[in-house]
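A.B. asks: To start, I am sharing the structure in question, which I have written as structure tokens.
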Amino acid sequence: MGNSASALPYTVDDQIHPPTRPGSYGFAIHNGSRKSDSLPVTVFKATKSSLLQTPLSRQSRDPSQNQFLCAVQHFRKCKTLVHPNLLKVYATLDTDYPNGDAPDLSQRPPHRPVGSGEVLTAGDLLIVTERAVPLADYLDSLSPTSENAAKVGWGLHNLINALGFLHNTAKLAHGAVCPGSVYVTPAGDFKLFNYSLLTPVGAQDGGAGGGGPTAHFRHFEGAVTPNEYRSPERLENRWDAVSSSAVHTMDAFSLGVLVEHLYGQPGAGTNGKIPMKLQKAVKRLVTPNIRMRPRVLPLLKCPVFDSPYVYAMDFLDNMSVKPAEDKVRFIQGLPDLLNRGVLDRDVAVHKVMPVLISAVTTIAQTEGAMQQDVNRREVLAAIPPLFLIAETHLMSDPDEFRAALTPIVELLFRINDRGVRGTLLQRSGLYSAHLDKAALNTSVFEPMCSGFTDSSGTLRELTLKSAISLVPNLTPSNLEKLVRYLIRLQSDPEPSIRTNTAIFVGKVAPSLSEMSRQKLILPAFERAMKDDFKPCRLAALRAVQSCKEYYGPIDVSTKVMPAVVSHLLDPDSEVRAEAFTVVETFMVILRTESTKMTEEERTRAAAAAATAGMGGTGVAVTASNGGGSGVGSEAAPSSASGSYLSTFGSWAAAKVVSSTEPGGTAADRSTSGPVSAGHVAELPSRSSYPGPASAAPSYTTKRPEPAAPAVQQLRSTPKVPAPAVASLSLSDANVGGDGAGIDSSGWSDEDDDFDVGGGGGAKDEEDFFSSFGAKPSSSTGLKIGGLKAASKPGGKGKLVMPSKNKPSVAAPKPAVKKLSKDDDLDGWDDF
């Protein structure tokens, strides 16, 4: 039975005071908490075996005057007395009698020692109360400032009320009014405790001597109450005078002495003196004449209690019974009291906040209560001081802030009232930074969404502005839900809401997923830039620029820039200026991307050239007087298909030096180095070309200035090596005819005229076919497909198209020697 303390729904934590402390009466003091909601409590714990062995005072020699019977009476009485100024008891437990069926020892003779057979004494006595500390600890914690005088005055006010309740309502005398019987809560309230001597006065108690204090009181009061707090009649054991007097007389004397003790402390703020307004009353309380001692309750009229601090604390204690209009006025004035420092942190957190939360909860949970205007105004008045206290005094401790504010925020969001909702939304930045994500997503965001579709434009806009603070804590599903509301708000009839929506999209973009960003931001900005409302267009342009890291270069060039450029000539100058700023910003991005693309193209081209050079041979043709050729190292890739067009392209790109140049001899030309590709272009021939070499026509095109040497590259086939000079088969090129039937109506190339050799100039021109040992045709015209090179008397020639009116007479084709497979390998096996 002795260890059944776990049956309590409270935890017993560290011990802060031992049971041997003066004024403890055998009870150790522990901190504790309620298991259900972690409410802080104080636990008084006494071991019965120790109580039986510990005398009440050092001077006591009577073995019956131990702590046991006084502790048992206190344990029994504390559960039956309830008052705001008495220490509140949550639970009690006698571990020997967990069901509460312990025997009543109040009627037994107190002078007889408790026997082992009367009651079980192996367990503990536990009393769980509200969190409180002994009076001595509280007084020691006060700094010597004048503001503390009001706190001590409020404490005295509490004790007077507590004694008034005992005397006037319970008809009991406390009998042990002294510092050891007073405890102080975190809010600064003084609470009376220790009921070990509680007794009726003037009532029959069944003992000898008739009416008066009980035998228990008479036997133990000298050991429990310090002598300085005992009235003269108690010191003299004049119980007849006590029994014939009023119930308050003993406690009034003790209270007067306690007042002197309170104001005599350094932290009381009165320099160790009783306030002048209270000195006369104290003298009356401690008078030796028992019949002259006044009742304690009228002492509350003393001017010493006329202070803003005492008035506010008293109103908070009795607010539930105050008129509704008075409550609203008082609550509306709380922010001023808090800002001026009249109510300190302890009072604000531990008294004001719980009282306001209790008032709001009562109204919110009462069906139809919000329909009454006075209740609605009370709730609206309570919200500002609640958030002011949280912001001023709880920000330093996130856990305390969360524990205090989460329940009230969840409760207020359940109230369907626009005024309450608006007041909450204005403070969304405060609670969204400290409440846990689960509460924000379920208890805040879900009811908040109703504001996006509310018929009040003010509430819709306020909901939109406040939602931005919740974005970092929203779940992906709630973010998607928010995006849908934003799309809807872009069509809102209120221009300010459309503007704020554009701003919101820019701010919420970093928190969205990639898919949500692509789906929302660009379409939203494009739509906002088309809005008739100037601030909306301006906000969209700024938001576009702030989100530039979320656009790819293609999106910038094809979507963003077209939408922005149209505003370069916007009717409003501010919009135009912002549009130019945005365009300049994105032009930097586009230029950078363009430069990057150029570099990539060059890199790819160089890589392709390097790959081609590793697998092919290069052929270079240089000019010489004898028509010789030189093989170089530069090569160009040729098609592996072997088609006629690819080969003809290779031929057209070949560069051969002209055999004749004005102002120089053949020897000079052969030693002067290579000339430009456009200087002389030679038509290729084959060794089987009939006719003498001297009769070969010469085709030249003159250029004004020399250039770099021309190089033609041919990729060799896997089976046949490349020839020294690439050439076309004359039969493939359709070369033949004598030039008859060439019409001057064909087209000509004015830039590249062909010099067709003829007449007496054949010997002076370079012998085109001499290096090949071939005999040219006697014809003076070269036919290539449907085109003909016609000669003129002046030595100039041009390509002409065949006339439709004058059919040309086809000249007989020259005989072409058919090469065998093993004959001269000239690189044309692909054909």
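The values are calculated or read from the model by the stated rules, or taken from the named source; none is laboratory data. These numbers were taken from a predicted model, which means no experiment stands behind them. Positions of Cβ are generated from backbone atoms using ideal geometry, with glycine treated the same way; all protein chains shown enter the neighbour counts. Protein only, heavy atoms only, side chains kept; ligands, DNA and RNA dropped before computing areas. Shrake-Rupley method; radii C 1.70, N 1.55, O 1.52, S 1.80 Å.
A.B. asks: Name every residue in segment 570-580 that is out of contact with any helix residue (DSSP H, G or I) (no Cβ under 7 Å at 6 or more places or on another chain) and open to solvent by 60 Å² or more (accessible area, probe 1.4 Å), in order of residue number.
C.D. replies: Scanning segment 570-580 gives Pro571, Ser573.
A.B. asks: Can I ask one more? Mind listing just one residue for me: the one in segment 66-124 that is out of contact with any helix residue (DSSP H, G or I) (no Cβ under 6 Å at 6 or more places or on another chain), among the hydrophobic types (A, V, I, L, M, F, W, C) and buried (at least 21 other Cβ atoms within 10 Å of the Cβ) and, of those, farthest from Asp314 (Cα to Cα)?
C.D. replies: Looking at residues that are out of contact with any helix residue (DSSP H, G or I) (no Cβ under 6 Å at 6 or more places or on another chain), among the hydrophobic types (A, V, I, L, M, F, W, C) and buried (at least 21 other Cβ atoms within 10 Å of the Cβ), I get Leu69.
A.B. asks: Which residue out of Thr225, Thr214, Thr249 is touching a strand residue (DSSP E or B) at 6+ places or on another chain (Cβ under 7 Å) and surrounded by 18 or more Cβ atoms within 10 Å (Cβ to Cβ)?
C.D. replies: Step by step, each of Thr225, Thr214, Thr249 is checked, and only Thr214 is touching a strand residue (DSSP E or B) at 6+ places or on another chain (Cβ under 7 Å) and surrounded by 18 or more Cβ atoms within 10 Å (Cβ to Cβ).
A.B. asks: Name the residue that is surrounded by the fewest Cβ atoms within 10 Å (Cβ to Cβ), counting only residues in segment 17-62 that are among the charged types (D, E, K, R) and modelled with pLDDT of 85 or more.
C.D. replies: Looking at residues that are among the charged types (D, E, K, R) and modelled with pLDDT of 85 or more, I get Asp37.
Conditions (1) open to solvent by less than 40 Å² (accessible area, probe 1.4 Å); (2) more than 30 Å from Asn375 (Cα to Cα); (3) part of a loop (DSSP other than H, G, I, E, B), marked per residue:
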residue: Val282; (1), (2), (3): yes, yes, no
residue: Thr287; (1), (2), (3): yes, yes, yes
residue: Arg295; (1), (2), (3): no, yes, yes
residue: Leu299; (1), (2), (3): yes, yes, no
residue: Val304; (1), (2), (3): yes, yes, no
residue: Met313; (1), (2), (3): yes, no, no
residue: Ser320; (1), (2), (3): no, no, no
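A.B. asks: Would you mention how many residues in segment 349-399 are open to solvent by 30 Å² or more (accessible area, probe 1.4 Å), in contact with a His (Cβ under 9 Å, 6 or more places away or on another chain) and assigned to a helix (DSSP H, G or I)?
C.D. replies: 1
A.B. asks: Restricting the search to segment 187-202, which residues are aliphatic (A, V, I, L, M) and over 57 Å from the mean Cα position of the chain (by Cα)?
C.D. replies: Leu197, Leu198, Val201
A.B. asks: Moving on to the next point. Scan Thr598, Thr585 and give me the residue that is surrounded by 13 or more Cβ atoms within 10 Å (Cβ to Cβ), polar (S, T, N, Q) and at pLDDT 90 or above.
C.D. replies: Thr585
A.B. asks: Shifting gears a bit: Would you tally the residues in segment 462-478 being open to solvent by 20 Å² or more (accessible area, probe 1.4 Å) and part of a helix (DSSP H, G or I)?
C.D. replies: 8
A.B. asks: Tell me which residues, restricted to segment 524-574, are in a helix (DSSP H, G or I), within 21 Å of Pro510 (Cβ to Cβ) and free of Cβ contacts under 8 Å to residues at least 24 places away in the same chain.
C.D. replies: Within segment 524-574, Glu549 is the sole residue that qualifies.
A.B. asks: I've got another one for you. Within segment 127-166, restricting attention to residues that are surrounded by fewer than 19 Cβ atoms within 10 Å (Cβ to Cβ) and among the hydroxyl-bearing types (Ser, Thr, Tyr), which residue is nearest to Lys79 (Cα to Cα)?
C.D. replies: Here the residue is Ser141.
Results for (1) open to solvent by 10 Å² or more (accessible area, probe 1.4 Å); (2) among the aliphatic types (A, V, I, L, M); (3) part of a helix (DSSP H, G or I); (4) farther than 26 Å from Ala381 by Cα, shown as yes or no for each residue.
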| residue | (1), (2), (3), (4) |
| --- | --- |
| Asn416 | yes, no, no, no |
| Val420 | no, yes, yes, no |
| Thr423 | yes, no, yes, no |
| Asn441 | yes, no, yes, yes |
| Glu446 | yes, no, yes, no |
| Ser455 | yes, no, no, no |
| Arg460 | yes, no, yes, no |
| Ser491 | yes, no, no, yes |
| Ile497 | no, yes, yes, yes |
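A.B. asks: Being free of Cβ contacts under 8 Å to residues at least 24 places away in the same chain and either farther than 17 Å from Phe190 by Cβ or among the polar types (S, T, N, Q) (or both) is the filter here; which residues of segment 256-273 pass it?
C.D. replies: Within segment 256-273, Asn271, Gly272, Lys273 meet the criteria.
A.B. asks: Right, next: Name the single residue that is nearest to Leu538 (Cα to Cα) among those in segment 479-489 being under 18 Å from the mean Cα position of the chain (by Cα) and open to solvent by less than 40 Å² (accessible area, probe 1.4 Å).
C.D. replies: Here the answer is Val483.
A.B. asks: Let me ask something else. Looking only at segment 68-84, which residues are out of contact with any strand residue (DSSP E or B) (no Cβ under 6 Å at 6 or more places or on another chain) and within 17 Å of Thr169 (Cβ to Cβ)?
C.D. replies: Of everything in segment 68-84, those that are out of contact with any strand residue (DSSP E or B) (no Cβ under 6 Å at 6 or more places or on another chain) and within 17 Å of Thr169 (Cβ to Cβ) turn out to be Lys77, Thr80, Leu81, Val82, His83, Pro84.
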